[in-house]
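Written out below as structure tokens is the structure these notes cover.
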Amino acid sequence: MEKNPTLIKRASISVNLLDSIRIGDLLADEYGKSGKVCEIEKIKRHGEFYYYFKLLKSGTILIIL
């Protein structure tokens, strides 16, 4: 049974949802980019959080909060 991807909408995203995403999860954004997460990088800089989700064969999804 195939798992549905977690949909990320930048306008209504929460830190808790982003922190719950793990390597191996399926992820999709509102612009059509989707794939399996193979690497996660979280950076805090100047009071903002930068989440980089590297997808297998599909590039990267960047979320800034």
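Some notes on this structure:
- Sequence-ordered 3J(HN,Hα) estimates for the range 29-39 from the Karplus curve with 6.51, -1.76 and 1.60 and θ = phi - 60° stand at 10, 6, 9, x, 6, 8, x, 8, 6, 10, 7 Hz, glycine and proline given as x.
- Computed [θ] at 222 nm, deg cm²/dmol, the chain (DSSP H ≥ 4; -39,500 (n - 2.57); rounded to nearest 500): -2000 deg cm²/dmol
- Under the combined filter of DSSP loop state and at most 14 neighbouring Cβ atoms within 10 Å, the range 6-59 retains these trypsin sites (Lys or Arg not before Pro): Lys9, Arg22, Lys57.
- Chymotrypsin sites (Phe, Trp or Tyr not before Pro) within the chain: DSSP coil, no more than 14 neighbouring Cβ in 10 Å: Tyr31
- Computing P(r) over Cα pairs in 5 Å bins from 0, in percent for the structure here picks out one of (1) 3, 17, 29, 29, 17, 5, 0; (2) 3, 14, 10, 10, 8, 7, 8, 6, 6, 6, 5, 5, 4, 3, 3, 2, 1, 1, 0; (3) 4, 18, 31, 27, 13, 5, 1, 0, 0, namely (3).
- Integer Hz, Karplus 6.51/-1.76/1.60 couplings in order for the range 52-65, x for Gly and Pro: 10, 10, 7, 9, 5, 6, 10, x, 9, 10, 10, 10, 10, 10
- Here each label is just a point 7 Å from Cα along the line to Cβ, and for Lys9 and Lys33 those points are 2.0 nm apart.
- Placed amide H near Thr6: partners under 5 Å, 5+ positions off or other chain: Leu26, Leu27, Ala28
- Computed label-point distance, nm, for sites Arg22 and Thr60 using a 7 Å Cα→Cβ extension: 2.4
- Under 5 Å from the amide H of Phe49 lie the amide H atoms of Leu65, each residue being 5 or more positions distant or on a separate chain, with H modelled from the backbone and absent for Pro and chain starts.
Just so you know, all these numbers are worked out from the coordinates, no wet-lab data involved. Keep in mind that what you see is a predicted model, and the values were worked out from it rather than measured. Every residue, glycine as well, gets a Cβ built from its backbone with ideal geometry; the counts of neighbours run over all protein chains shown.
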